[in-house]
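First comes the structure, then the notes that go with it.
The values are calculated or read from the model by the stated rules, or taken from the named source; none is laboratory data. Predicted, not measured: the structure shown is a model, and the values here were computed from it. For neighbour counting, all protein chains shown are included, and Cβ atoms are generated from backbone atoms with ideal geometry for every residue, glycine included. Remember, those area values only see protein heavy atoms, side chains included, never the ligands or the DNA or RNA. Shrake-Rupley method; radii C 1.70, N 1.55, O 1.52, S 1.80 Å.
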Amino acid sequence: MTFDLSAIVRDNIKNLTAYSSARKEFNGTNAVFLDANENSFGSPIETDYSRYPDPLQLEIKRIIADWNGVLPQQIFIGNGSDEAIDLLIRAFCEPKIDQIIITPPTYGMYEVSANINDVNVKSVLLDEDFQLSPDKVLENVGDSTKIIFLCSPNNPTGNSLQRNSILKVIENFKGIVVIDEAYIHFSDKHSFINDLQHFQNLVVMQTFSKAWGLAGLRVGIAFASVEIIELLNKIKPPYNVSQIAQEALLKALKNRESVKKVVSEIVEQRNLLRSNLLELPIVSDVYPSDANFLLVKTIAANRIYSFLVDEKIIVRNRSNVELCENCLRITVGTESENQSLITALKAFR
Ligand SMILES: *Cc1c(COP(=O)(O)O)cnc(C)c1O
């Protein structure tokens, strides 16, 4: 199916004159900077944060681009992935008129972000195995459908969606398909970043909040065509990633090997925790997971949840979510945290 980006961008965004920040108009070094109304006397703390950060985070993008075989201009960096979700909806969806499709049970922010922007949400449930039915999704596409959000590995179910099903949706939809790969590092599946060269309508999101252990920094990434990324850059707040976040991230990027080690330890703990949970009589199923959490079907989710809270162990109660009845979502912790959980659950009556 032919994809025409300009046909799906909102008119106000297409016609927008973007804010031009001081640091965008001149970004050289070794000058007397009297252009941005910063405070040349410095900050009242040890580290100097008196200057605005790089609006396009180029140093970071060059490294990530190199790792992923894309151009720096194919990368958007946001204040968490949540910012990318919001900007995508604002770029493409006309309030009250346009629609996104989501495939529950899935990450809640797609729907919340659409609601905030007064954009309609069409839900197409995953099947019993938490797999995507591409035909069902495509049947629900209408003229006003602008974005389809897919999450793989999926939150809260933990499984990866089948590659062929995702491809079918991408190939047969003339709007944007977003694949949220927040948990891809815990999986042995290939990222869809490798498919960007073939699909102009594809956006792949990743984050530093999970495998990279940097949730507090608030840094998320979107990979897409140069044209889509230009659009996001045009509408983002000018200095959306703080100097502290950029500096800390640049340091973290030097420790890629230690992240790989931690990820493999988490995967090992996940598999151990899964088999320990499956032995408990109060657990009726633990769904296969490609992520750093397990969706656990129990005999009495609400009671077990409250019991664990009393034991000062907090998990996520997902039992009100369609297809997740009696389910708890449990993040894989350290070996001793997981052991505490199992010990507590053995005492549940
Ligand atoms: C945790 C998570 C994110 C990450 O969001 P950030 O804003 O980058 O912290 C994105 N998508 C899904 C599905 C998640 O579970």
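Based on what the data block shows, is Ser81 touching an Asp or Glu at 6+ places or on another chain (Cβ under 8 Å) and polar (S, T, N, Q)?
Working: touching an Asp or Glu at 6+ places or on another chain (Cβ under 8 Å): yes; polar (S, T, N, Q): yes.
Against the criterion (touching an Asp or Glu at 6+ places or on another chain (Cβ under 8 Å) and polar (S, T, N, Q)), Ser81 qualifies.
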Q: Could you grab me the full set of residues in segment 133-156 that are open to solvent by less than 10 Å² (accessible area, probe 1.4 Å), in contact with a Lys or Arg (Cβ under 9 Å, 6 or more places away or on another chain) and aliphatic (A, V, I, L, M)?
A: Val137
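Looking at Ile229, Ile166, Ile235, can you tell me which residue is within 28 Å of Asp285 (Cβ to Cβ) and β-branched (Val, Ile, Thr)? Reasoning before the result, please.
Numbers: Ile229 fails: within 28 Å of Asp285 (Cβ to Cβ); Ile235 fails: within 28 Å of Asp285 (Cβ to Cβ).
That would be Ile166, the only listed residue that is within 28 Å of Asp285 (Cβ to Cβ) and β-branched (Val, Ile, Thr).
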Q: Evaluate segment 130-147: report whether one residue or more is part of a strand (DSSP E or B), free of Cβ contacts under 8 Å to residues at least 60 places away in the same chain and under 22 Å from Leu196 (Cβ atoms).
A: yes
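One line per residue, one yes/no per condition, for (1) more than 12 Å from the ligand (Cβ to nearest atom); (2) among the aromatic types (Phe, Trp, Tyr):
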residue	(1), (2)
Ser81	no, no
Ile89	yes, no
Gln99	yes, no
Pro105	no, no
Tyr110	no, yes
Ala114	yes, no
Ser123	yes, no
Phe130	yes, yes
Pro134	yes, no
Q.
Just to be sure I understand the filter: pairs with C-beta atoms under 7 Å, separated by 6 or more residues or on different chains, first member in segment 167-180 and in contact (Cβ under 8 Å) with a residue 12 or more places away in the chain, second member part of a helix (DSSP H, G or I) and of a type in the set (Phe, Trp, Tyr). Which pairs pass?
A. Ile176/Phe92; Ile179/Phe192
Q. Only one of Leu249, Leu161, Leu253 is surrounded by fewer than 21 Cβ atoms within 10 Å (Cβ to Cβ) and either in contact (Cβ under 8 Å) with a residue 24 or more places away in the chain or touching a His at 6+ places or on another chain (Cβ under 8 Å) (or both); which?
A. Leu253
Q) Which of the residues spanning segment 41-66 are free of Cβ contacts under 8 Å to residues at least 12 places away in the same chain and not hydroxyl-bearing (Ser, Thr, Tyr)? A) Phe41, Gly42, Pro44, Ile45, Glu46, Asp48, Arg62, Ala65, Asp66
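Condition check: open to solvent by 30 Å² or more (accessible area, probe 1.4 Å) and more than 24 Å from Tyr183 (Cα to Cα). Does Glu279 satisfy that?
Numbers: open to solvent by 30 Å² or more (accessible area, probe 1.4 Å): yes; more than 24 Å from Tyr183 (Cα to Cα): yes.
Yes.
Answer with yes or no whether Ile75 is β-branched (Val, Ile, Thr), over 21 Å from Ile166 (Cα atoms) and within 16 Å of the ligand (Cβ to nearest atom). Write out each step before concluding.
Details: β-branched (Val, Ile, Thr): yes; over 21 Å from Ile166 (Cα atoms): yes; within 16 Å of the ligand (Cβ to nearest atom): yes.
When the stated conditions are applied, Ile75 passes them.
Restricting the search to segment 97-148, which residues are farther than 26 Å from Val286 by Cβ and of a type in the set (Val, Ile, Thr)?
Quick first cut of segment 97-148, residues farther than 26 Å from Val286 by Cβ only: 97-101, 111-122, 134-148.
Correct list: Ile97, Ile100, Ile101, Val112, Ile116, Val119, Val121, Val137, Val141, Thr145, Ile147, Ile148.
From the list Ser284, Ser242, pick out the single residue that is surrounded by fewer than 17 Cβ atoms within 10 Å (Cβ to Cβ) and free of Cβ contacts under 8 Å to residues at least 60 places away in the same chain. Step through it out loud before you land on a result.
Values: Ser242 fails: free of Cβ contacts under 8 Å to residues at least 60 places away in the same chain.
Exactly one of Ser284, Ser242 is surrounded by fewer than 17 Cβ atoms within 10 Å (Cβ to Cβ) and free of Cβ contacts under 8 Å to residues at least 60 places away in the same chain, namely Ser284.
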**Q.** Residues that are of a type in the set (Lys, Arg) and in contact (Cβ under 8 Å) with a residue 40 or more places away in the chain, drawn from segment 314-349
**A.** Arg316, Arg318, Arg329, Lys346
